[in-house]
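Have a look at the structure below before the remarks.
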């Protein structure tokens, strides 16, 4: 049984804990970071889709970091990914602006 499932009623379990457990259990060998971002895929998306996807991931990771205790592997791995993800999102918004697909960034 998955740890996140058994702790669902007694601890603050987020959906990311379930994803972490499922990926860690089903993939062999388990990845270092089950929530790792596939930057190659994100960069392959057309700009509008890339901006929505990267923005959604930035928001999701921010929400996760607010709830996850500092120092846990989950917190540390997401923290590592967030800087590159935020940079990609900002660059994508700038590209959209340069192509006149959006008017203002703020």
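A few points about this structure:
- Looking across the stretch 34-61, the residues that are outside any helix (DSSP H, G or I), surrounded by 17 or more Cβ atoms within 10 Å (Cβ to Cβ) and in contact (Cβ under 8 Å) with a residue 40 or more places away in the chain come down to 35, 37.
- When residues of the stretch 19-33 are limited to those that are in a loop (DSSP other than H, G, I, E, B) and in contact (Cβ under 8 Å) with a residue 40 or more places away in the chain, the one surrounded by the most Cβ atoms within 10 Å (Cβ to Cβ): 33
- Test: residue in the stretch 87-101 that is assigned to a helix (DSSP H, G or I) and closer than 30 Å to residue 6 by Cβ: no
- Considering the stretch 1-18, the residues that are surrounded by 13 or more Cβ atoms within 10 Å (Cβ to Cβ) and under 15 Å from the mean Cα position of the chain (by Cα) include one that is nearest to residue 82 (Cα to Cα), namely 16.
- Enumeration of residues in the stretch 73-89 that are touching a helix residue (DSSP H, G or I) at 6+ places or on another chain (Cβ under 9 Å) and under 17 Å from residue 53 (Cα atoms): 78, 81, 82, 84, 85, 86, 88, 89
- Leading residue by the ranking (modelled with the highest pLDDT) among those in the stretch 9-18 that are in a loop (DSSP other than H, G, I, E, B) and closer than 24 Å to residue 57 by Cβ: 14
- Flag for residue 74 being under 14 Å from the mean Cα position of the chain (by Cα), modelled with pLDDT under 95, within 23 Å of residue 23 (Cα to Cα) and not in a loop (DSSP other than H, G, I, E, B): yes
The values are calculated or read from the model by the stated rules, or taken from the named source; none is laboratory data. This is a predicted model, so every value here is computed, not measured. With ideal geometry, Cβ positions are generated from the backbone for all residues, glycine too; neighbour counts draw on all protein chains shown.
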